[in-house]
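Just so you know, all these numbers are worked out from the coordinates, no wet-lab data involved. These numbers come from a predicted model, not from an experiment.
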Amino acid sequence: EGLPTVNGVAARRCRLGRAPGAEGGHPLDYFLETLGGRSYLVVRDPDARGTSSFDRFEVPADSVFVLGDNRDNSYDSRMWDGGRGGTVPVDLVKGLAFGIWWSPATSTFTARDRALDQPMLPPFAASLQATLDACPR
């Protein structure tokens, strides 16, 4: 359900558990996903009815498929072209992401030196840290 798949290989998912959302919000489900040798944190709202499912989509060699950071509610490649999906030509990409400018994990602008593939839990989900540390990557 909602797992990204690239070239026929689905992301591996490790469930971390359920913890509160920001500012004591209702509980959210936390996961660690690994795809293409990189791991990232996924937070899902169990009550959301969003865009997590998307049919197979072939990305042209000279383009990129863009995913937003809110899997259940992002206006990204999955939504473009009337929901059929769309891409961005590589020659329009101006750079590569290299760090985190702002993260809800710190609620500050101090996380910019952290590598993108080193997931960290927000303080309100710190109870899941031991599970995150035990997940295979």
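Just a few scattered comments:
- Under the Karplus curve 6.51 cos²θ - 1.76 cosθ + 1.60, θ = phi - 60°, whole-Hz ³J(HN,Hα) for segment 120-129, x wherever Gly or Pro sits: 9, 7, x, x, 6, 10, 4, 5, 9, 4
- 5 Å binning of all Cα-Cα separations within segment 24-96, expressed as whole percents from 0 upward: 3, 13, 19, 23, 21, 12, 6, 2, 1
- Amide H contacts of residue 74 (H built 1.01 Å from N, under 5 Å, at least 5 apart or other chain): 51
- For segment 27-38, 3J(HN,Hα) per residue [Karplus equation, 6.51 cos²θ - 1.76 cosθ + 1.60, θ = phi - 60°, Hz, x = Gly/Pro]: x, 10, 8, 10, 9, 10, 10, 10, 8, x, x, 10
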